[in-house]
Structures are given as structure tokens and as C-alpha cells.
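These notes are about the structure you will find just below.
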């Protein structure tokens, strides 16, 4: 994950875009965790 952030920086993307991407990525991970918990329960 860290390496892709460095690549995005080299491409000239703003830190704001990277921050938004990280937020969405974290939200998606959280949703999948909730779904797996519901399947187990």
C-alpha cells in the first residue's frame, strides 16, 4: 500500500486525492469486516 502512495506522489497527484482514496479504502475494508462478522454470527 505504501509503495502505491509513493507512485501516486511521483505522478503528481495532490495529497488531498490520496487522503480521499485512503478514506474510501478504509471504509471498504470496514464494510467487509462487518459483512464477515454477520456471516459468522
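Can you show me the helix-derived [θ] at 222 nm for the chain, built from DSSP H runs with n ≥ 4 at -39,500 (n - 2.57) apiece and divided by the number of residues, rounded to the nearest 500.
Computed mean residue ellipticity for the chain: -29500 deg cm²/dmol.
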Among [x] 25, 20, 18; [y] 63, 6, 5; [z] 44, 17, 9, only one was calculated for this model; which label is it, if the read-out is Cα extents along the principal axes in Å? [z]
For the pair residue 5 and residue 24, the simple spin-label estimate (label points 7 Å beyond Cα toward Cβ) gives in nm 1.7
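None of the figures in this text is laboratory data; all of them are computed from the coordinates on show. Please read these numbers as outputs of a predicted model, since none were measured by experiment. Note that each Cβ is placed from the backbone with ideal geometry, even for glycine, and that neighbours are counted across all protein chains shown.
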